[in-house]
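Every read-out reported here was derived from the displayed coordinates using simple, explicitly stated rules and does not represent laboratory data. Being a predicted model, the structure only gives us computed values, none of them experimental. With ideal geometry, Cβ positions are generated from the backbone for all residues, glycine too; neighbour counts draw on all protein chains shown.
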Amino acid sequence: MTACFKTAKGFTLLEILVAFTILAIALSSIFQLFGGTLRNIEDSERYALAALLAEQTMNEKLFGESFEAGSDAGVYKGNESFKWSTEIGEYEEVIGWEMEPEQALQPVTYSVKVTVGWKDGKSERSLELISLKTFVEEAKR
């Protein structure tokens, strides 16, 4: 009995190495794609949380018990990686408020700016909200 190797079918070692190389390149590309997608999802979550925290701080400043001009800053409890700052000042560029000098009430508009910042790896990121609040006060005579 003699064995005939000419009719044996199969893969050579070179063909197997080429197939593994192609598979490795394809899988590494797929893993990089998934890694980038996960980073983008994490960035989106941080921006959404920053917007929510900024809106919460803005509402506290606009509708809180006291409303005073000035600036303030701090860190969120429970979310120490996020810091906030606020600036409240008189807004000078209000158009459309034409009142007679003898009237007893005058509108005063304040600008409220809330900035929420966080560290994202080596870089600093921030989100800023600006709103206006108008009071009607007695005219200064």
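Using +1 at the C-beta of Lys and Arg and -1 at the C-beta of Asp and Glu, which of Leu14, Ser111, Asn79 has the Cα lying farthest in the positive direction of the dipole of the stretch 13-138?
Leu14
Let's test the formula: R0 of 41 Å, r as the Cβ-Cβ distance of Asn79 and Glu137. What FRET efficiency results, to the nearest 0.05?
So the FRET efficiency works out to roughly 0.65.
Loop-only chymotrypsin sites (Phe, Trp or Tyr not before Pro) in the stretch 8-47, please: DSSP not H, G, I, E or B, and at most 13 other Cβ atoms within 10 Å.
Sites meeting the loop and neighbour criteria: Phe11.
Mind pulling the per residue volume of the convex hull built on the Cα atoms of the stretch 13-138? Å³ is fine.
So the per-residue hull volume is 146 Å³.
Within 10 Å of each residue's Cβ, count the other Cβ atoms and sort Ser29, Ser85 from fewest upward.
If I rank by nearby Cβ atoms, fewest first, I get Ser29, Ser85.
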